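What follows is one structure encoded as C-alpha cells, with my remarks underneath.
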Amino acid sequence: MGFREKILTRSLYVFHVSSGSCNNCDIELLDCLTPRYDLERFGIVLVGSVKHADALLCTGSTNRMCVPRIKLLYEQMPKPGFVIAWGACGSSRGLFKDSYNTGAPLDEIIPVDLYIPGCPPKPEAVIGGIKKLVEKINTTR
Amino acid sequence: MTIDEILQKLQERFGSNILKVYKKNDKRAYVDIYPKDIVEFTKYIFKDLGLRFNIASAVDDFDALEILYHFADDASGYVISLRALIKEREDPHIDTITTVTKSAWWIEREIHELFGIHFDGNKDLRPLLLPDDWPQGVYPLRKNFVVPKRDSRKS
Amino acid sequence: MSHKAHIPIGPYHPLQEEPEFYKLVVDGEKVVDVDVRIGWNHRGIEKISESKSFDQSIFIVERICGICSSSHPITCVQALEDLGGIKVPERALYIRSIVQELERLHSHMLWLGLAGHFIGYNTVFMWGWKYREPICDIMETVTGNRQNYAMLKVGGVRRDIEKEHVSYILTRLDEFTRHLDMLRGVVLDDPVLHARLKGVGILTKDEAIDYAALGPTARASGVDIDVRRDHPYAAYDRVKWNVITETAGDVFAKTVVRILEMYESVGIIRQCLDRLPNGEIDSNPKDILPGEGIGQAEAPRGECFHYIKSDGTNSPVRHKVRAPTYMNFPTFRHTVVGQTVSDATIILAAIDPCYCCTERMLIVDRKDKELFGVQELIRMSQDKTKSIKESMGF
C-alpha cells in the first residue's frame, strides 16, 4: 500500500450508504458514534458527501434500484479509497439472496476491502474490523 | 358489538349476497362475498359500524385470485375478514374502496403491481414497490412466478 | 402564478445517503403537495417466506426492521398460533411481554434522540442514545444479542429469563428511569421546544380514523386504540397499565405520548418480572394444520398485522406482512401540506417512520429541479430552533 493509503488510516472519513437494509446495521453504526463507543476518538468521522470520503461503508442487501447508485458512488469517491461491507447483508446479501428484488452481492459490484459480518455486527466487532483494516494497510508493501 | 352481533347485522343487511360465513372463534370470522359488492360492504362496515380497516391481502389460489379485506373492531377485540374471489385470472378487476376510505390508498397500488389485479375507479395505480425497469405483465407474488436462481460464478 | 419549486427530502437517518425520497412541491416557504413512490428497501420478504419453512419465516420477519425486532416475530408466531389453536405456556407469555416492552423502551428512546438531532438539540441525541444502552445490555444478557433477539418460536419462547437476570434487569431499569426523568424534564419543560413543536403538523382525529393511523401517531390525535388492550395478547391483560392519549395531534403531542409510554413500559416490565410464574416456556407444537391465521401486536410504531395461510405443508402458502408505518406514512401527506419547509423533517420524524418496514419513499413531481438536499433541510430545521431560541432571549 502506498504512502497515501497509510496516511488515510490516521483519520478515516467514512461515507455511509444503505442499499436496502433493515436499518439494524445503520442503527448500530450510529451507535458507534454515541458516547459509549465513540468512534470519533479514533479519528473516524461520518461525512455528508462521498467526495470527502476515504471509505465507503455499505449496508443493505443490494436492492435492484440501488445497484447503479452504488457503482456511481464508488466512482465518485476519490481514490485511494476503501470499501467496507458491513453486516451479513453487505457481505453476501444474507437472508435476502433468494429475493426477486436483490441484485448481485456487493463484492461483485465494487471491490471490497473489509468485511464485517454479523447481524448486526456489534460495535466491538466494528472497532475490531477497522483495526484489522488499518493493520492490513500498514503492513502491506 | 360482539362478533355474533356483527355477523347477524351483516346477514340482515346483505342476506343472499353473502356466500359463506366461517366463524373461527370469538376473535376471527371470514365472510365470503361477491367482488362486485365490496364497496357496499366496506361502506357499511367502515362508515356505519365504525370498524378500522387493517389491510387487504391478496392470495393466488391457482384457479382464482382472492382478496381478503381485514377489519378490526377495537372496542370488542375481533377481526372480520371479507373474502372476494376473482375468477378471471387473465384480467382481474375489482372496484376500488379508496372512495370510502383513504387508508386503502397504498395497498391497492401494491396489490396491482404484485398480483396484477386492477382496481376500477382508482386513477393512481402507479407502481409502489417495484423498480421502474421491472418488466410489464410480470407479477412476482403470483404462483407461476419463480425467482430465477443466480449462478454466482457469473457476474 | 407563483413559482412552484420541488425540494427533495432525504433519508430518515441523516447519515444515510439515499436521494429522491421525497420531493415536496413548495410555493415559497409553504409546502403545497407531496407524492409517494417507494421501493428502495423492498426485499420481497413475502415471496421469500413462501419458500421457507414456518420456523425459518420467523427469522426472516425479524429482519424486516431492526428497531421493531421483536414485534414482527411476535405477530408472526401469533398468526401461526391462531391458525392452529396452539396454546402458549403462562411463563412464555410473560417473557414475551417483557421482551416487547424492552423493545418499546429502546425504540422510543432512539426516536427521542433522532428527533432531538433534527431540531438541533444534539445533546438530547447523544444522551438519549447513551441512556438507551442499559436496555441493549439487558437484551444482550437475556437474549444473547443487542438487536435481533431470536426469542420467539411457535408455542413459546426460545430462551428463559434466569433468576439471576431478574435483579440485574431491575437495577438497569432503575438507572434507565432516572435518566428518563432527566430527559423528560429537558424535553417537556423547554419553552423553546413548546414554541417549535406545538401546532406543527396537526393530524385531526377524523383524519387519523380515515387514514386508519396507528400507534402513537393516532393516540396523539385522540384516537384511543392500543392492540395490547383491545386485542390482548401475551401477558398484557394480566398486568395494570394505562393507554396514553393526547388530543392536540401535533408533533409535541406525539412526543409527549412516546415519553409517557416509556414510563408505562417500565411499569409493565416490573409487574411481569414480579409475577413471572414458574413452568415451561414452550408447548412444542408439532404440526401446522391447513387454515388461515391472523396475528396482531403493538409495535412501538403501532399495530403489526400478519396473515398466514397454510395448506398443511411446512411452508406458508401466503404470508402477508403489514407494518404500522404502512398506514401511518400516508398521513404525512396530510400533515405536511400547508406547513413550512423547515418543519418538514420534524413532521416526518414525528410519525417515527420505519423505512425498512415500509420501504423508502420517493416523491416524484413534474419538474425535477433540486433546490435543497437532506442536510440542508435538517440544517433549516435546526436553524429555525436557533432563531426561536434567540427571539425568546435564551
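The values are calculated or read from the model by the stated rules, or taken from the named source; none is laboratory data. Just so it is clear, the model here is predicted, and its values are computed rather than measured. Glycine also receives a Cβ, built like all others from the backbone with ideal geometry; neighbour counts cover every protein chain displayed.
Tabulated data for the structure shown
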read-out	value
Output for the stretch A:85-100, where each listed residue is touching a strand residue (DSSP E or B) at 6+ places or on another chain (Cβ under 6 Å) and within 14 Å of chain C (Cβ to nearest Cβ)	A:86, A:87, A:90, A:93, A:96
Residue C:272 being within 12 Å of chain B (Cβ to nearest Cβ), within 30 Å of residue C:177 (Cβ to Cβ) and among the hydrophobic types (A, V, I, L, M, F, W, C)	no
Residues of the stretch A:36-74 that turn out to be assigned to a helix (DSSP H, G or I) and of a type in the set (Asp, Glu), as a count	1
Criterion: of a type outside the set (Asp, Glu), within 14 Å of chain B (Cβ to nearest Cβ) and closer than 25 Å to residue B:23 by Cα - qualifying residue of C:305, C:332	C:305
Selection from the stretch C:177-194 of residues that are surrounded by 17 or more Cβ atoms within 10 Å (Cβ to Cβ) and within 22 Å of residue C:335 (Cβ to Cβ)	C:187, C:192, C:193
Positions within the stretch A:23-58 being within 9 Å of another protein chain (Cβ to nearest Cβ) and within 19 Å of residue A:111 (Cβ to Cβ), in sequence order	A:50
Sole exception among (1) under 27 Å from residue C:193 (Cα atoms); (2) in contact (Cβ under 8 Å) with a residue 40 or more places away in the chain; (3) not β-branched (Val, Ile, Thr) for residue C:62, by number	(1)
Counted residues, the stretch C:120-166 - those being surrounded by fewer than 21 Cβ atoms within 10 Å (Cβ to Cβ), within 20 Å of the chain's Cα centre (by Cα), aliphatic (A, V, I, L, M) and over 22 Å from residue C:283 (Cβ atoms)	1
Residue match in the stretch C:220-232 (condition: within 20 Å of residue C:86 (Cβ to Cβ), in a loop (DSSP other than H, G, I, E, B) and over 16 Å from the mean Cα position of the chain (by Cα))	yes
Candidates B:149, B:123, B:87 - the one that is surrounded by fewer than 18 Cβ atoms within 10 Å (Cβ to Cβ), touching a residue at least 12 places away in the same chain (Cβ under 8 Å) and on the phi < 0 side of the Ramachandran plot	B:87
Checklist (1) surrounded by 24 or more Cβ atoms within 10 Å (Cβ to Cβ); (2) assigned to a helix (DSSP H, G or I); (3) over 19 Å from the mean Cα position of the chain (by Cα); (4) not aromatic (Phe, Trp, Tyr) applied to residue C:270, failing item	(1)
Pairs where the first residue, in the stretch A:103-132, is more than 14 Å from chain B (Cβ to nearest Cβ) and farther than 20 Å from residue A:93 by Cβ and the second is among the aromatic types (Phe, Trp, Tyr) and assigned to a helix (DSSP H, G or I), C-beta under 6 Å, 6+ apart	none
Unmet criterion (only one of (1) more than 9 Å from every other protein chain (Cβ to nearest Cβ); (2) without any contact (Cβ under 8 Å) to a residue 60 or more places away in the chain) for residue C:218	(2)
Condition broken by residue B:82, with the remaining ones in (1) closer than 19 Å to residue C:319 by Cβ; (2) buried (at least 20 other Cβ atoms within 10 Å of the Cβ) satisfied	(1)
Count of residues meeting criterion [more than 12 Å from every other protein chain (Cβ to nearest Cβ), modelled with pLDDT under 75 and in a strand (DSSP E or B)] in the stretch C:1-54	9
Any pair with Cβ under 7 angstrom, 6 or more apart, that starts in the stretch B:26-50 at a residue that is free of Cβ contacts under 8 Å to residues at least 40 places away in the same chain and ends at one that is among the hydrophobic types (A, V, I, L, M, F, W, C) and assigned to a loop (DSSP other than H, G, I, E, B)	B:45/B:51
Residue within the stretch A:12-22 that is within 11 Å of chain C (Cβ to nearest Cβ), surrounded by 20 or more Cβ atoms within 10 Å (Cβ to Cβ), under 16 Å from the mean Cα position of the chain (by Cα) and farther than 30 Å from residue C:112 by Cβ present	no
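Yes or no, residue by residue, for (1) more than 14 Å from chain C (Cβ to nearest Cβ); (2) under 23 Å from residue C:304 (Cβ atoms); (3) in contact with a Cys (Cβ under 7 Å, 6 or more places away or on another chain); (4) not in a loop (DSSP other than H, G, I, E, B):
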site: B:81; (1), (2), (3), (4): no, yes, no, yes
site: B:89; (1), (2), (3), (4): yes, no, no, no
site: B:94; (1), (2), (3), (4): yes, no, no, yes
site: B:97; (1), (2), (3), (4): no, yes, no, no
site: B:100; (1), (2), (3), (4): no, no, no, no
site: B:103; (1), (2), (3), (4): no, yes, no, yes
site: B:128; (1), (2), (3), (4): no, yes, no, no
site: B:135; (1), (2), (3), (4): yes, no, no, no
